[in-house]
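J.: Would you mind keeping the following structure in view while I ask a few things?
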Amino acid sequence: MRPARWLLLVLVAVLAVSCAGPVGRPSLVIGATADPQSMLLANIYAAGLRYYGTDARVENSDDPLAALDAGTVRVATGFTGELLQRFDPGSAARSAEQVYRSMIGALPEGIAAGDYATAAEDKPALAVTETTATAWGSRDLAALVRNCARVSVGAPTGSSSPDTVGDCTLAPAREFGTAAMLFDALRAGSVTAVWTTTAATGLPDGVVVLVDRKPALIPAQNVVALYRRNELDQMQLRAINEIAGVLDTAALVQMLTEVGNGADPEAVAQQWLADNPLGR
């Protein structure tokens, strides 16, 4: 074969490979349960990863953390307090920073955490009527602790709620089958307070969520992403950490409302990212 012809064939082959791109490169899989909130969070992080050029997709898993540990997914999202309780059930950490640091220290070998979203949380919260808050002279959670002896609490059936708030040990919560029944009992005075969360949607009029100020009385539950150590590149880590820096509770509530009304979690997450671009 003539040298010129051989060189031409080599150039054609090189161009073909370069134009084809990274053939067969697998997607980065983010694990999520079927729960709408889990699906939404996973899609938010997937959108952030795609923003910086990674082909990312969400995959349903009964236990994303187990899938992460097994290596079948490379990222899983969650909340700092829940993760801490899974890996260190006896931890007494409460503040956002304490919970995050304790969570990192309790993670299994080979699993790491991105930055936590300091402004995005969904932790247990207690709600009372406007009338009760006025009578207590405060909308702070500390007011409930001061009135601990006179407080009765309601909760959704099957929910897992704290049995203590600071130094206040609560009586066992009365359970109600629906949110409507729960808040009807609150407004009727059958219970003094009801358990909800800081990112709950659809709170009725005349109901206020008590604010847990510093020092925290209920352990933090901030959004965070876990990933397999040494398997993400710098741009992928940047995407995860920038999502944590942009997401806030108000946006989370809005997106959960949209998903609850039937919107596709992926489309909702993508629109949020379009309205809140990374890299600013």
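J.: Specify the residue that is nearest to ALA70 (Cα to Cα); the eligible residues are those in the stretch 207-239 that are surrounded by fewer than 24 Cβ atoms within 10 Å (Cβ to Cβ) and among the β-branched types (Val, Ile, Thr).
T.: ILE218
J.: So if I check each of SER152, SER159, which one is modelled with pLDDT of 95 or more, within 12 Å of VAL194 (Cβ to Cβ) and of a type in the set (Gly, Ala, Ser)?
T.: Values: SER159 fails: modelled with pLDDT of 95 or more.
Sole residue among the options that is modelled with pLDDT of 95 or more, within 12 Å of VAL194 (Cβ to Cβ) and of a type in the set (Gly, Ala, Ser): SER152.
J.: If you go through the stretch 90-98 one residue at a time, do you hit one that is under 17 Å from the mean Cα position of the chain (by Cα) and surrounded by fewer than 17 Cβ atoms within 10 Å (Cβ to Cβ)?
T.: yes
J.: Of the conditions (1) within 17 Å of the chain's Cα centre (by Cα); (2) surrounded by 15 or more Cβ atoms within 10 Å (Cβ to Cβ); (3) not in a helix (DSSP H, G or I), ASP62 satisfies every one except a single condition; which number is it?
T.: Among (1) within 17 Å of the chain's Cα centre (by Cα); (2) surrounded by 15 or more Cβ atoms within 10 Å (Cβ to Cβ); (3) not in a helix (DSSP H, G or I), ASP62 violates only (2).
J.: Right, here's the next one. Quick one: which residue in GLY105, GLY158 is within 30 Å of ARG238 (Cβ to Cβ) and surrounded by fewer than 17 Cβ atoms within 10 Å (Cβ to Cβ)? Outline the logic, then answer.
T.: Numbers: GLY158 fails: within 30 Å of ARG238 (Cβ to Cβ).
It is GLY105.
J.: Any residue that is part of a helix (DSSP H, G or I) and at pLDDT 95 or above - is there at least one of those in the stretch 17-30?
T.: Applying the first criterion (part of a helix (DSSP H, G or I)) to the stretch 17-30 yields 17-20.
Cutting the leftovers down to at pLDDT 95 or above gives us none.
Looking through the stretch 17-30, none of the residues is part of a helix (DSSP H, G or I) and at pLDDT 95 or above.
J.: Kindly list the number of the only condition in (1) of a type in the set (D, E, K, R); (2) touching a residue at least 12 places away in the same chain (Cβ under 8 Å); (3) touching a helix residue (DSSP H, G or I) at 6+ places or on another chain (Cβ under 8 Å); (4) under 22 Å from GLY189 (Cβ atoms) that fails for ARG146.
T.: Unmet for ARG146, out of (1) of a type in the set (D, E, K, R); (2) touching a residue at least 12 places away in the same chain (Cβ under 8 Å); (3) touching a helix residue (DSSP H, G or I) at 6+ places or on another chain (Cβ under 8 Å); (4) under 22 Å from GLY189 (Cβ atoms): (2).
J.: I've got another one for you. Identify, from the list THR131, THR157, the residue that is of a type outside the set (A, V, I, L, M, F, W, C) and touching a strand residue (DSSP E or B) at 6+ places or on another chain (Cβ under 6 Å).
T.: Numbers: THR131 fails: touching a strand residue (DSSP E or B) at 6+ places or on another chain (Cβ under 6 Å).
After ruling out the rest, the residue left standing is THR157.
J.: Right, something else. In this structure, is ASP184 assigned to a loop (DSSP other than H, G, I, E, B) and among the acidic types (Asp, Glu)? So that I can check it myself, show each step before the final result.
T.: Values: assigned to a loop (DSSP other than H, G, I, E, B): no; among the acidic types (Asp, Glu): yes.
It is false that ASP184 is assigned to a loop (DSSP other than H, G, I, E, B) and among the acidic types (Asp, Glu).
J.: Which is over 15 Å from ASP212 (Cβ atoms), in contact with a helix residue (DSSP H, G or I) (Cβ under 9 Å, 6 or more places away or on another chain) and modelled with pLDDT of 95 or more, of ALA93, ALA112, ALA127?
T.: Numbers: ALA93 fails: over 15 Å from ASP212 (Cβ atoms); ALA127 fails: over 15 Å from ASP212 (Cβ atoms).
Selected residue: ALA112, the only one of ALA93, ALA112, ALA127 that is over 15 Å from ASP212 (Cβ atoms), in contact with a helix residue (DSSP H, G or I) (Cβ under 9 Å, 6 or more places away or on another chain) and modelled with pLDDT of 95 or more.
The values are calculated or read from the model by the stated rules, or taken from the named source; none is laboratory data. Since this is a predicted model, take the numbers as computed values, not measurements. Because the Cβ atoms are built from the backbone with ideal geometry, glycine has one as well, and the counts that use them run over all protein chains shown.
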